[in-house]
Each structure stands twice: as C-alpha cells, then as structure tokens.
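Working notes for the structure below.
The values are calculated or read from the model by the stated rules, or taken from the named source; none is laboratory data. Small disclaimer: the values here were computed from a predicted structure and weren't measured. Note: ideal-geometry Cβ built from the backbone for every residue, glycine included; neighbour counts use all protein chains shown. The area values use the complete protein model at the heavy-atom level, side chains included, leaving out ligands, DNA and RNA. Shrake-Rupley method; radii C 1.70, N 1.55, O 1.52, S 1.80 Å.
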Amino acid sequence: MAKLFFALPVKELAPELIAWRDQLPWPGQPVPQANLHLTLAFLGEADELTTRRLIAAVERQHCPPLAIRLDETGWFSRAKAAWIGPKEWPNELNVLARALRRHGEKLRLGNGEQGYRPHVTLSRKAGEAPAPLPAPNFLLQADEFCLYQSISTPDGVRYEPLACWPLRA
Ligand code: 2AM
C-alpha cells in the first residue's frame, strides 16, 4: 500500500519560500525545502493495481499552465499547519483539483472532503497562526502536476513523485 496525493511541485520557488519563512518568527516545525508542494487532492492508501489504474485514468486529464500568486498566510488550527497561499486563484485550479479528486473517488480513494483551499504548508505542529504581515508576494508558475507517494522514514516524511503530467494550453 502507498499513501498518495496529487500536488503541484513548487520547484524553483521553494528556496525563496524557505528564505522568506526563515527570516520571520514563523510558528511550528519547519517543513524541509524538498517537501514543499501545493496539494491538489489527497487520496490516502492505495494498493498497486489501484495506483496503476489511477495513473492510467489521469493520462487524459487536461489543464493549462497555472500562475498562482501566493500573497497571504494562514493556519489550519486542527491540522496545526501554517501556510502560504493565494487570496484568489484561477478557476482552472479548482477544476483540476476537483477532477483529480473524482478520479480518486471512482477508485474509492480520498477522504470525502469537498472544499478546496489551495496552500503550501510551511510548518507543522504550529500552535498559532503566522503573523499576517509582512504579506508575502510570490508567483508560482506551475507547468506540471504530479502524483506523489508519501514515505515515512526515520528522518521524517519524504514525498516521491510516481508520475507527472504537463499542464498545457
Ligand atoms: P498539506 O500539507 O498541503 O495540507 C501528504 O500527506 C500531503 O497530503 C500532506 O502534505 C497534506 O497536504 C495532505 N494530507 C495529508 N493528510 C490529509 C488529509 N487527511 N486530508 C487532506 N489532505 C491531507
């Protein structure tokens, strides 16, 4: 079994986000640079056959490149995750996230959550929200999305891309 999720990789922007976070009194345990991503859909545990079926189904998924401005911070109090995210985002991002969630649901994957709030988690175990100021201003230009496997190691969690698909106009 593998723990799966779809996300946009953050790639070139990751060092800038880390540098910005690390010069602030940011709450919680910092997420390592290699783990930064913008989740599209959480799928949870899947066996190998289901994973292969999921990858085959997503081959036909279409989405244009996405430009997402990360211009606010936030905090999920229950998950204790402090994040950076967009105030507004292109509707194509909602459409892609919903389509990927549905691909998962057809294979009985996912957690049944309906709402979608794009964000990049910058720390976990955060007992309070990050300060709203200084407001961030980064542009995430996404030209692909990936299916990731979450792997627990003695050094913490690691996310391994199993397959990636281009975002094309
Ligand atoms: P997040 O940090 O962007 O919120 C891999 O586990 C990723 O899937 C996590 O980084 C988390 O994304 C998201 N995730 C984990 N458990 C989840 C759950 N129960 N519901 C929704 N998303 C979850």
Here are some residues: V31, V10. Which one is within 12 Å of the ligand (Cβ to nearest atom), among the β-branched types (V, I, T) and under 20 Å from A169 (Cα atoms)? V10
Residue by residue through the stretch 143-153, note down the ones that are among the small types (G, A, S) and open to solvent by 40 Å² or more (accessible area, probe 1.4 Å). S152
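Matching residues to (1) crowded, with 16+ Cβ neighbours inside 10 Å; (2) among the β-branched types (V, I, T):
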site	(1), (2)
I84	yes, yes
N94	no, no
A97	yes, no
A126	yes, no
Q141	no, no
D155	no, no
C164	no, no
Do we have G115 as surrounded by fewer than 16 Cβ atoms within 10 Å (Cβ to Cβ), within 24 Å of L24 (Cβ to Cβ) and within 16 Å of the ligand (Cβ to nearest atom) here? no
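So which residues in the stretch 102-112 are over 19 Å from the mean Cα position of the chain (by Cα) and either part of a strand (DSSP E or B) or surrounded by 15 or more Cβ atoms within 10 Å (Cβ to Cβ) (or both)? Explain how you work it out, then say what you get.
We begin by selecting, within the stretch 102-112, every residue over 19 Å from the mean Cα position of the chain (by Cα); these are 106-108.
The one that is over 19 Å from the mean Cα position of the chain (by Cα) and either part of a strand (DSSP E or B) or surrounded by 15 or more Cβ atoms within 10 Å (Cβ to Cβ) (or both): L107.
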Select, from A79, A99, A126, A142, the only residue that is among the aliphatic types (A, V, I, L, M) and within 10 Å of the ligand (Cβ to nearest atom). A79
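Does R53 count as assigned to a helix (DSSP H, G or I) and over 19 Å from P9 (Cα atoms)?
On the way: assigned to a helix (DSSP H, G or I): yes; over 19 Å from P9 (Cα atoms): yes.
Judged against the criteria, R53 is a match.
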